[in-house]
Amino acid sequence: MKIEIVHYPHPTLRHVSKPVRRVDAELRDMIAQMFDIMYEHEGVGLAANQVDLPYRLFVANPSGDPDNSDSEHVFINPVLRAGKGQVQGDEGCLSIPGITGPVVRKEKITIHAYNLQGEEFVGELEDLFARIVQHETDHLDGTLFIDRLATATMADLRAQLEEFEIDFQSRRDCGEILSDQQMAARLLELEKIRT
Ligand code: ZN
């Protein structure tokens, strides 16, 4: 299955992802494609619903460097357990390209997840990696970083976001994008396979 990034306001970005119960060869292939897509767009993290998949998993490489595979991580069924401190930093998102804004996040976090081998691991993370993991876990809950922006910042970005909305609607009008009902049916089918 070939996957590609979906952009705001695609409904799958608002889908609450379901925990994965089965990691098979096709899912491994999709995860490999997620890394490729992330690097192609110079990202440091990518959640499954950003490539129109309903699964509770994301990939990350805080170095952003495809040659630095030691920094590549797959988080399957991640759960954020604890956080400490507050820190503000600029964020962007591959699903809303060109838009950035300041988001307050926990400075340090603890995350439990499974890797591709099905082993549970615990990450005690801080700084950029902690921010990435919070941003990506938000995605899996259907939350975008723009939901966490201050009202004044959001007002400044309104016109740019409207351009994304107009583009989405016109692509849907010419039949390039499925209807909401068709999308929901597709996600349900994919969920039946692995969740
Ligand atoms: Zn994002």
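The values are calculated or read from the model by the stated rules, or taken from the named source; none is laboratory data. These numbers were taken from a predicted model, which means no experiment stands behind them. In this analysis, Cβ positions are derived from the backbone assuming ideal geometry, glycine residues included, and neighbour counts consider all displayed protein chains. For accessibility, only protein heavy atoms count, side chains too; no ligands or nucleic acids. Shrake-Rupley method; radii C 1.70, N 1.55, O 1.52, S 1.80 Å.
Summary value for the stretch 1-125: 21 percent relative contact order, contacts being C-alpha pairs under 8 angstrom separated by 6+ residues.
With the convex hull of the Cα atoms taken as the outline of the chain, the averaged projected area works out to 10.9 nm².
What a 1.4 Å probe finds exposed on the stretch 1-108 is 47% carbon and sulfur by accessible area, rounded to a whole percent. Residues in the stretch 1-97 average 47 Å² of solvent-accessible surface per residue, probe 1.4 Å, ligands and nucleic acids excluded.
Quick one: of the DSSP bridges fully inside the chain, what percent are antiparallel, nearest 5?
On the way: 27 of 28 bridges.
Expressed as a percentage, antiparallel bridges in the chain total about 95.
Taking amide H as placed 1.01 Å from N in the peptide plane, the amide H of G101 sits under 5 Å from that of E91, each at least 5 places away or on another chain.
Take L190: with every protein chain present and a 1.4 Å probe, its accessible area is about 20 Å². Taking label points 7 Å from Cα along the Cα-to-Cβ direction, D127 and E42 give a separation of 2.1 nm.
Between amide H atoms placed 1.01 Å from N, distances below 5 Å from E107 occur with K84, G85, Q86, V87, all of them 5 or more places distant or on a separate chain.
Peptides 36-45, 160-169, ordered by how many other C-beta atoms sit within 10 Å of their residues on average, highest first, read 36-45, 160-169. Extension gain, L190 to A152, is 9.8 nm, computed as 0.36 nm per intervening residue step minus the present C-alpha separation.
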